[in-house]
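The values are calculated or read from the model by the stated rules, or taken from the named source; none is laboratory data. None of the values given here were measured: they were computed from a predicted structure. Note: ideal-geometry Cβ built from the backbone for every residue, glycine included; neighbour counts use all protein chains shown. The accessibility values were calculated without ligands, DNA or RNA, using every heavy atom of the protein model including side chains. Shrake-Rupley method; radii C 1.70, N 1.55, O 1.52, S 1.80 Å.
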Amino acid sequence: QLRLTEEEKRLLAQEGVTLPDTLPLTQAEERLLKKVRRKIRNKQSAQDSRRRKKEYLDGLESRAAACSALNQELRRKVQELEKHNGSLLRQLQALIKQTSNKAAQTSTCVLV
């Protein structure tokens, strides 16, 4: 008994061929059946390839989005640190100015 899947039956119908329900098949029928089965395998392989490519691209897109968000957060942090650094620099310059404006104090050292 020859058992064909729905996909095999559909492709054989597209080819315009009908195979007998009983075995053995002739060489021509065997070749035709192998051709149809190869087409089905190729179709499945192409679908798998497209699915893997889509999964890969989805992964890349999510990684790119995560990197972009991290990059934006780091840029914000850099700006914040640059502001803070500028504030500290102004404070330091003010302290230097204060200490340099004072006259040098003289002190006396007494030895006993």
Of 34/54; 9/43; 9/35, pairs whose Cα-Cα distance is over 21 Å: 34/54
Enumerate the residues in the stretch 42-84 having an amide nitrogen under 19 Å from the point lying 7 Å beyond the Cα of residue 92 toward its Cβ. 78-84
What range in the chain is the longest one free of trypsin sites (Lys or Arg not before Pro) that are in a loop by DSSP and have at most 15 other Cβ atoms within 10 angstrom? 4-101
Calculate the tail of P(r) for the chain: the fraction of all Cα-Cα distances greater than 18 Å, expressed in %. 76
Between the helical axis of 6-15 and the dominant principal axis of the chain, each derived from Cα atoms, what acute angle in degrees is found, rounded to the nearest 10? 70
When the chain is modelled as a GNM with alpha-carbon springs shorter than 10 Å, which of 12, 57, 88 fluctuates the most? 88
Suppose all protein chains stay in the model; what accessible area per residue would a 1.4 Å probe give for the chain, in Å²? 92
Within the accessible area of the chain (1.4 Å probe), percent carbon and sulfur: 54
Under 19 Å from the residue 85 label point (7 Å along Cα→beta-carbon), backbone N, the stretch 55-74: 71-74
Could you work out which residue, out of 49, 62, 100, moves most in a Gaussian network model of the chain, that is, has the largest mean-square fluctuation with Cα springs under 10 Å? 100
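Quote the FRET efficiency, to the nearest 0.05, computed for residue 27 versus residue 1 with a Förster distance R0 of 22 Å and r equal to the Cβ-Cβ distance.
In this case the efficiency is close to 0.65.
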Once both axes come from the Cα atoms, what is the angle between helix 27-101 and the longest principal axis of the chain, in degrees from 0 to 90, rounded to 10? 10
Distance (nanometres) between label positions extended 7 Å along Cα→Cβ at residue 44 and residue 63: 3.0
According to the Kirkwood expression over distinct Cα-Cα pairs, how big is the hydrodynamic radius of the stretch 2-61, in Å? 13.4
